[in-house]
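Have a look at the structure below, then the notes.
Any read-out appearing in this document is the output of simple, stated calculations on the displayed coordinates, not a laboratory observation. Just so it is clear, the model here is predicted, and its values are computed rather than measured. Every residue, glycine among them, receives a Cβ derived from its backbone with ideal geometry; neighbour counts consider all protein chains shown.
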Amino acid sequence: MPNKASTSIGKGESLNLFSNNEDKFNSYINFYRRLLSSDESESLASKLKNIQNLLSFGEKIFSSSSVAELFLYFCLHGAATAWALQTELSMPEATVYRALKRLRAMKIAVPALKVSKMRNSKGGPRPTVWALRGASTEEISRALKLHLRTSSPKYMVAEEVAQTIMDEYLSARDTNEISYREILICIKELRIPFSKPDVADITAQYLHEKGIKVWR
């Protein structure tokens with residue numbers, strides 16, 4: 001376990017620590033991820049202490065508590081958007097972007113994909129899902145879903161609609177198929193206060209991910 005009394009490491013040293021050798025870089029990342037991985041036999045207190053010690057050690061490596069927090073978040077989850085990092089870590093936007101810039105310069109976090117714009121959304125750059133090199137497709141997908149849930153009220157409503165459809169409509173009919181028109185009817189009955197096609201599109205995608213066939 002990292003020693004809290006360790007000497008502080010400067011920015012140049014931490015940059016070399018992670019980027020000089022590809023194999024060494026991967027071994028550091030994997031080491032952190034293993035230490036943070038869930039062990040059912042480990043107590044909650046032990047897990048929290050482990051995370052706190054790693055965070056303390058990370059602050060010495062990066063000479064920045066915010067960069068250390070983002071690094072540990074990526075080690076735990078594999079990927080995230082800037083918005084999700086702000087909400088999950090209760091961190092100011094400017095601080096998140098500075099920390100992301102540092103992790104990108106060290107080639108720890110890399111852009112994985114651009115988030116598609118919602119229908120009728122305002123202009124501006126599309127958000128990026130950032131990921132550890134080697135992050136799984138599943139981790140990137142979870143990061144995208146978290147971004148949508150935390151940034152779009154429509155997405156949260158669509159998830160509730162989809163759950164209602166599965167619990168009350170599909171289970172009663174003992175089927176795993178539904179038409180897009182039926183989704184629209186359900187949304188109308190529930191009096192959703194958003195554009196029906198927008199919510200229907202998200203609901204259909206969510207149902208598809210749950211293994212439900214949506215006919216159009």
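Protection proxy ranking for 188-197, 159-168, using the average of other Cβ atoms within 10 Å per residue and placing the highest first: 159-168, 188-197. Packing-based ranking of 77-84, 170-177, 50-57 yields 77-84, 50-57, 170-177, ordered from highest to lowest mean Cβ neighbour count within 10 Å.
Looking at region 69-167, the trypsin sites (Lys or Arg not before Pro) that sit in a DSSP loop and have at most 11 other Cβ atoms within 10 Å of their own Cβ are 119, 122.
Of the residues 131, 46, 97, the one whose Cα sits farthest toward the positive end of the charge dipole of region 41-176, with +1 on the Cβ of Lys and Arg and -1 on the Cβ of Asp and Glu, is 97.
Restricting the calculation to Cα atoms, region 141-216 shows an Rg/Rh of 0.95 when the hydrodynamic-style radius is the Kirkwood one.
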